[in-house]
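The values are calculated or read from the model by the stated rules, or taken from the named source; none is laboratory data. What you see is a predicted model; the values in this text were computed from it and never measured. Using ideal geometry, Cβ is built from the backbone for each residue, glycine included, and neighbour counts are taken over all protein chains shown. For accessibility, only protein heavy atoms count, side chains too; no ligands or nucleic acids. Shrake-Rupley method; radii C 1.70, N 1.55, O 1.52, S 1.80 Å.
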Amino acid sequence: MMSRTWKHKTFMAITVITIIFICLLIHRHTIQVSPSIVYSHELNPNSEVKSSSRIILSEDESLILNKISGWIHTGSLNNIRFASSAKNSKATILNPRKKYCTGDKLTIQIDMFDHLGNRKTYGGDFIRSRIFNPILNAGASGVVEDFNNGTYHVHFTLFWKGKVYISLLLYHSSEAVSALWKARDNDYGLISFVGTFVNRNQSSRSPCGFKRDSVEDVCEYRPVKGNESFYCIKQENFDCGSLTTVQTSNRKVTFLRNTEKPLFKRENIAVAIKGDYNDINVWTCTALTSSNLKTCAIGMESTLPSGFVLQKRWRPVFCNFQAMTQEQMYACLKNKRVHFFGDSTMRQWIEYLERKLPGLKTFKFPHMAVDDKNNILLFFYSHSHPFVTARTHFVKGSLHMSDEIDHIAGGPNYVLVISLGQHFRPFPIQLFIRRVMNVHRAVERLLLRSPDTKVIIKAENTREIHMDVERFSDFHGYIQYLIVREAFKDLPVATVDAWDMTIAFNSYNVHPLELVIRNQINMFLSYICS
């Protein structure tokens with residue numbers, strides 16, 4: 001009996017080690033493909049490299065930029081008193097009813113005024129809208145309709161029975177939005193990059209960035225496919241392939257004009273717009289019927305809003321799913337190979353699964369988790385430059401997302417989860433559009449060769465109301481959220497609308513609480529197990 005038990009344990013240990021070794025070999029093969037092109041391309045002094053300060057967009061990329069630009073009012077501000085004022089603006093319920101029922105629509109009109117009390121004649125204000133009930137742990141976002149004349153309609157759906165409280169925040173005035181939009185397009189200079197090259201026991205630090213504005217020789221790092229480059233000034237006696245880490249810091253520079261800076265004081269950000277109405281009571285007016293929504297599946301279009309929170313649980317409104325037990329999570333992920341691409345908000349997902357599924361064995365370099373019993377493989381990949389972090393970012397093994405996707409075989413047991421956003425906020429929007437479209441093209445190639453691969457887009461989420469709004473404002477995040485929605489709408493992918501979810505949960509944390517992550521994971525699992 002003892003011998004048989006010992007043999008079984010030995011067999012299991014050898015199996016786990018073998019699986020890990022094979023996975024590492026696969027990953028090693030992936031990150032070493034075409035190193036002379038991807039990460040070790042050394043430019044000659046005479047090489048012609050155009051400055052990256054203005055990316056020349058392709059036709060499809062320009063279409064997205066033009067569509068997004070059309071939603072933003074641009075102008076110059078000479079005095080903050082002419083900016084939109086939440087205090088002076090008015091919110092009114094259109095066509096109020098004596099009785100509201102679950103499922104009813106509620107529309108609120110906002111008439112915007114400036115600080116002098118003058119009626120605004122143009123739109124473009126960044127408004128965050130939400131209904132909620134703290135007792136029921138309920139919340140949902142609203143949809144803002146801009147008439148471009150100072151009038152807005154905010155559309156809500158009354159999802160639950162009971163009290164409904166209304167929150168309308170003037171997050172940024174249209175004048176602040178205009179200032180952020182123009183400042184973001186100015187240059188790459190808000191963030192400083194320093195790379196470290198290593199040659200045995202020697203190292204050398206070098207300035208890096210997306211813009212080549214030095215006459216010195218540079219190392220260029222770019223994906224195999226896709227016209228986007230990251231540069232470091234070449235160091236003597238150090239090969240370009242010896243770049244090991246990159247550190248970032250905020251530069252003491254601003255592209256905001258002095259007249260615009262008061263718009264971004266804390267007291268002028270996310271200010272409540274008062275309404276001439278009381279809280280609303282909602283009733284169940286008809287007998288409840290079972291939901292006729294289809295089960296959540298890849299390819300379904302996510303609505304706006306995509307769902308609501310009730311009793312701390314996310315409930316999508318365009319499809320149907322149930323939260324999973326631990327046993328069901330194991331069954332869902334069995335025989336699956338899941339690739340998570342993105343930043344630390346994406347890493348939260350794999351870390352959540354590692355905590356909730358004790359059968360997963362975690363390895364950090366590269367970040368992967370293995371369950372040999374259920375044949376589960378989870379991988380996390382960072383999205384490569386830019387990473388804006390006070391910590392040292394290791395660039396080895398961190399290829400462009402499009403290159404990583406191109407080296408994935410795909411198939412019915414493969415799942416890709418993609419997230420782009422937070423680290424791109426301090427840079428010109430053209431850089432983000434180019435990256436998103438390069439990833440889109442890689443996903444398109446993957447689905448052509450392996451159409452049964454499951455691809456899920458995790459939208460960017462909200463974050464802190466940060467004083468450093470020029471770099472990290474949620475306005476930048478919202479524009480990127482819209483760009484990702486627009487870019488991937490033509491592909492058969494699924495969306496976990498983290499933007500909508502974090503507004504509904506009233507989250508102001510770049511790394512949402514585990515409650516929010518749990519609901520995101522439930523949505524993710526519902527797609528891959530339908």
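Selection among PHE424, ILE521, SER507 by position relative to the dipole of the range 385-530 gives PHE424 as farthest towards the positive end (Cβ unit charges, Cα centre).
Quick check: residue separation of ASN281 and LEU293 times 0.36 nm, minus the Cα distance between them. What number comes out in nm?
Details: separation 12, 0.36 × 12 = 4.32 nm, distance 2.63 nm.
Stretched fully, the ASN281-LEU293 segment lengthens by 1.7 nm.
Taking a ≥ b ≥ c as the square roots of the Cα gyration tensor eigenvalues, with a/c under 1.5 meaning rounded and otherwise prolate when a/b beats b/c, else oblate, which class fits the chain? Intermediate results must be reported in sequence, preceding the final value.
Working: a/c = 2.24, a/b = 1.19, b/c = 1.88.
Here the chain falls in the oblate category.
Ordered by 1.4 Å accessible area with all protein chains kept, THR284, THR245, THR295 run largest first as THR295, THR284, THR245.
When the Cα convex hull of the range 442-504 is projected onto planes of every orientation, the mean area is 4.9 nm². Working note: Karplus 6.51/-1.76/1.60 with θ = phi - 60° gives the range 180-195 the couplings 5, 5, 6, 5, 5, 7, 5, 5, 9, x, 6, 10, 9, 10, 10, x Hz, where Gly and Pro are set to x. Cα centroids of the range 446-503 and the range 338-395: how far apart, whole angstrom? Cα centres, the range 446-503 to the range 338-395: 19 Å.
Once the mean of 1/r is taken over each pair of separate Cα atoms and inverted, the range 145-281 shows a Kirkwood hydrodynamic radius of 19.9 Å. Tell me which of SER450, CYS319, VAL282 sits at the most positive position along the dipole axis of the chain, charges placed on C-beta atoms (Lys, Arg +1; Asp, Glu -1). Projecting each Cα onto the dipole axis, the largest value belongs to VAL282. Residues whose amide H lies under 5 Å from that of THR295, counting only those 5 or more places away or on a different chain, are ASN320; hydrogens are built 1.01 Å from N in the peptide plane.
Here the Karplus relation 6.51 cos²θ - 1.76 cosθ + 1.60, evaluated at θ = phi - 60°, turns the backbone of the range 326-332 into coupling constants of 4, 4, 5, 4, 4, 5, 5 Hz, with x for every Gly and Pro.
Based on the Cα gyration tensor of the range 72-149, what are the three equivalent ellipsoid semi-axes, each the root of five times an eigenvalue, rounded to whole Å and given largest first? Numbers along the way, then the final one.
Values: eigenvalues 171, 38, 30 Å².
Output for the range 72-149: semi-axes of 29, 14, 12 Å.
Split the chain at each of the GluC sites (Glu not before Pro) in a DSSP loop with at most 13 other beta carbon atoms within 10 Å, and the longest piece is 49-215. DSSP beta bridges confined to the chain are antiparallel in about 75 percent of cases.
Where does the charge balance sit around MET523 when Lys and Arg score +1, Asp and Glu -1, over other residues with C-beta under 13 Å from its C-beta? Write down the numbers at each step before the final one.
On the way: positive: ARG313, ARG315, LYS458, ARG518; negative: ASP497, ASP500.
Net local charge, MET523 excluded: +2.
What you get for the range 175-246, charging only the Cβ of Lys and Arg (+1) and of Asp and Glu (-1), is a dipole of about 200 debye around the Cα centre. Coupling constants for the range 297-302 follow from the phi torsions by the Karplus curve (6.51 cos²θ - 1.76 cosθ + 1.60, θ = phi - 60°), and in residue order they are 8, 4, x, 6, 7, 7 Hz; glycine and proline get x.
Largest first, the residues THR121, THR151 sort by 1.4 Å accessible area into THR121, THR151.
Placing a label point 7 Å from the Cα of ARG257 along the Cα-to-Cβ direction, the residues of the range 187-223 whose backbone N falls under 18 Å of that point are 187. Mean sequence separation of contacting Cα pairs (under 8 Å, at least six apart), scaled by the length of the range 362-461, corresponds to a relative contact order of 28 percent.
Treating the beta-carbon of each Lys and Arg as +1 and of each Asp and Glu as -1, no other charges, what is the dipole magnitude of the chain about its Cα centre, to the nearest 20 debye?
Using Cβ point charges on Lys, Arg, Asp and Glu, the chain gives about 1480 debye.
Given R₀ = 45 Å, FRET efficiency for THR303-SER204 by Cβ-Cβ distance, to 0.05? Display every interim value, and only then the final one.
Working: r = 53 Å, r/R0 = 1.17.
Result of the calculation: an efficiency of 0.30.
With R₀ fixed at 56 Å, the C-beta to C-beta distance from SER76 to GLN322 puts the FRET efficiency at about 0.60.
When only C-alpha pairs under 8 Å and at least 6 residues apart count, what is the relative contact order of the chain, in percent?
Working: 1030 pairs, mean separation 91.6, N = 530.
Result for the chain is 17 percent.
Taking all Cα-Cα distances within the range 98-213, those exceeding 21 Å account for 60%.
The mean sequence separation of alpha-carbon pairs under 8 Å and at least six residues apart, normalised by the residue count of the range 218-304, gives a relative contact order of 12 percent.
Under 5 Å between amide hydrogens, built in the peptide plane, is the criterion, and for ALA270 it picks out TYR171, HIS172 among residues at least 5 positions away or on other chains.
Computed with a 1.4 Å probe on the full set of protein chains, the accessible area for ILE376 sits at about 0 Å². Shown for the range 320-385: the carbon plus sulfur share of the solvent-accessible area, taken with all protein chains present and a 1.4 angstrom probe, equals 48%.
Could you tell me which of the pairs LYS67/LYS312; LYS252/LYS356; LYS161/LYS261; LYS211/LYS458 are separated by over 32 angstrom between their Cα atoms in the structure shown? Cα-Cα > 32 Å for LYS67/LYS312; LYS252/LYS356; LYS161/LYS261; rest within.
Using only the Cα atoms of the range 202-313, build the gyration tensor, take square roots of its eigenvalues as a ≥ b ≥ c, and label the shape rounded, prolate or oblate: rounded if a/c is under 1.5, else prolate if a/b is larger than b/c, else oblate. Note, shape of the range 202-313 comes out oblate.
Accessible area per residue of the range 88-218 at 1.4 Å probe, in Å²?
Details: 5630 Å² over 131 residues.
Per-residue accessible area for the range 88-218 comes out at 43 Å².
Here the range 464-530 is treated with +1 on each Lys and Arg Cβ and -1 on each Asp and Glu Cβ, and its dipole about the Cα centre works out to around 220 debye.
Close amide-amide hydrogen proximity is noted between VAL395 and THR245, VAL246, each under 5 Å apart and 5 or more residues distant or on a separate chain (H modeled in the peptide plane; Pro and chain starts excluded). Using a probe of 1.4 angstrom and keeping all protein chains present, the accessible surface of the range 254-316 works out to 63 square angstrom per residue. Shape of the range 175-229 from its Cα gyration tensor (a ≥ b ≥ c, root eigenvalues): rounded if a/c is under 1.5, otherwise prolate when a/b > b/c, or oblate? Here the range 175-229 falls in the prolate category.
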